[in-house]
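Only one structure is covered here, and it is reproduced in the block below.
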Amino acid sequence: SLLYYNQMLFSDETGRTILGDLLLAVGSLVFILVVMTLHMGSVFLAGFGLLQVLMSFPVALAIYSIVFRVKLFSLLQVAGVFIILGIGADDVFILSDAVKQLRKRAPELSQRVLFSRAISTSFRTMLTTSATTSLAFGMTMVIKIPTVRYMGLFACTMVIANFIMVCTMYLAVLILWDKYVRVLPCCGCSRAPTETPGKNAKD
């Protein structure tokens, strides 16, 4: 048997593999951005929604390396970008659709009541999907192979981070959008029209 190892060749091959994966990730980002824009009717909301999903990666990486003190970071962790893109986009759609449905059913609701009900109705669904996915990845930590074990830990952390950020960061984006813009493209509805002077004086 012959064992051969060359650090330069290994680094070159690894770099090419990572570059190819990143190019695929860029294509996935563009596709998801287009789908989110068409679904929500707003480039602003789609852009911030996608940004929030992508921010789950560095947040999870910080927890992974600083809190858990894991030094191993391989190509499997890089592939986590594809995982969080699908899971994170689902959570964004769930929260946005909850607001949309409430707008249609009860357009007279105030902003505070609208978003409090939207987050309460969508919270359980997002929690269920995020919990099952994170636990599924977390179960891989019992595997003795370090690369697979730590990839499961990283993916589990990333899903939890995304769930928290959807309930905070993206919710804040929705509220600000609704507060400062008359028409909310995410919901396809508008605020009550401004009253004309001299009309509806009794109101």
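So here's what we get for this one:
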item	result
Residue selected from region 102-121 under the condition more than 23 Å from I164 (Cβ to Cβ) and assigned to a helix (DSSP H, G or I), by the criterion farthest from the chain's Cα centre (by Cα)	R105
Count of region 1-21 residues which are open to solvent by less than 80 Å² (accessible area, probe 1.4 Å) and either closer than 30 Å to G49 by Cβ or aliphatic (A, V, I, L, M) (or both)	4
Residue count, region 67-104 (criterion: polar (S, T, N, Q) and crowded, with 19+ Cβ neighbours inside 10 Å)	2
Per-region count, region 22-38, residues open to solvent by 50 Å² or more (accessible area, probe 1.4 Å) and at pLDDT below 90	4
Qualifying residue in region 131-146 (condition: in a loop (DSSP other than H, G, I, E, B), modelled with pLDDT under 80 and either loosely packed, with under 13 Cβ neighbours inside 10 Å or not hydroxyl-bearing (S, T, Y) (or both))	no
Residue match in region 42-54 (condition: at pLDDT below 90 and open to solvent by 20 Å² or more (accessible area, probe 1.4 Å))	yes
Selection count, region 147-203, where residues are within 22 Å of the chain's Cα centre (by Cα), at pLDDT below 50 and among the aliphatic types (A, V, I, L, M)	1
Some residue of region 109-128 being open to solvent by less than 10 Å² (accessible area, probe 1.4 Å) and more than 23 Å from V53 (Cβ to Cβ)	yes
Filter result for S28 (under 29 Å from K100 (Cβ atoms) and of a type in the set (S, T, N, Q))	yes
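The values are calculated or read from the model by the stated rules, or taken from the named source; none is laboratory data. Quick caveat, the model's predicted, so the values are computed rather than measured. Backbone-built Cβ (ideal geometry, glycine too); neighbour counts: all protein chains shown. Heavy atoms of the whole protein, side chains included, go into the accessibility calculation; ligands, DNA and RNA do not. Shrake-Rupley method; radii C 1.70, N 1.55, O 1.52, S 1.80 Å.
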